[in-house]
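Single-structure report; data block below.
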Amino acid sequence: MPNIKLLISGLAGVGKNAVQEKLSKELNLVKFSAGEIMRIEAKKAFPLEENPLNLFEELIRYKGNYEIDRLIDEKTQKLLLERTNFILDSRIAWYFAKKMNSDAVRISLTASPSIRYQRIADREKISFDKAKKDTSDREEEIKVRFKKLYDINFCELSNPQNFHFSVNTDIINEKMVSENIINFLEKSNIL
């Protein structure tokens, strides 16, 4: 298999984790996740906290502390420069890959808001309304953060011009999404 760097981007509830899991097995790629990096770093920073990620989110939300974002950004850029044969689940990695002129393949997953909210409600075992409110609140925070840190608008996260391939996951499962991505990679002579 050729050296490959796959970036899976999308908003919460589009199926990034499930697709990443499927593709990593199918293509024998090492998995990385911006969310997992954040959880690890939060635990290092606040080892005695019961839920260190909440504390990190509080620092970002109320104190404007973007150190965790910068740390994840550094790790993402290092990964893009130094590694191959990986798949990274990240909302913003496409931005660095594009900016660095990286050969990473940028894949966007999309889904309608109501589908995303329902998936989040099912996963978190919360009501649809709570999933909608929590997700909307978090996305508002992300809009502000990404504009401040990267000077990008929130709509850029799903703008097809920023990606090599885009898949809407509304009515297809992770197996079908993965098959579509593999077909794209094969037709593009990446695999």
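Just so you know, all these numbers are worked out from the coordinates, no wet-lab data involved. Everything numeric here is computed off the predicted structure, so don't read it as measured data. Using ideal geometry, Cβ is built from the backbone for each residue, glycine included, and neighbour counts are taken over all protein chains shown.
For the reader, a short list of remarks on this structure follows.
- Among the residues of segment 13-46, those that are assigned to a loop (DSSP other than H, G, I, E, B) and surrounded by fewer than 21 Cβ atoms within 10 Å (Cβ to Cβ) comprise N28, L29, F46.
- Evaluation of K132 against (1) assigned to a loop (DSSP other than H, G, I, E, B); (2) touching a helix residue (DSSP H, G or I) at 6+ places or on another chain (Cβ under 7 Å) (one fails), failing number: (1)
Conditions (1) surrounded by 14 or more Cβ atoms within 10 Å (Cβ to Cβ); (2) of a type in the set (A, V, I, L, M, F, W, C); (3) within 18 Å of the chain's Cα centre (by Cα), marked per residue:
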{"residue": "E156", "(1), (2), (3)": "yes, no, yes"}
{"residue": "Q161", "(1), (2), (3)": "no, no, yes"}
{"residue": "V167", "(1), (2), (3)": "yes, yes, yes"}
{"residue": "E174", "(1), (2), (3)": "yes, no, yes"}
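- Hits in segment 92-117 - residues which are surrounded by fewer than 19 Cβ atoms within 10 Å (Cβ to Cβ) and either touching a residue at least 24 places away in the same chain (Cβ under 8 Å) or among the aromatic types (F, W, Y) (or both): K98, S102, D103, S112, I115
- In segment 100-155, the qualifying residues are those that are touching a Lys or Arg at 6+ places or on another chain (Cβ under 8 Å) and β-branched (V, I, T), and the one that is nearest to I171 (Cα to Cα) is T135.
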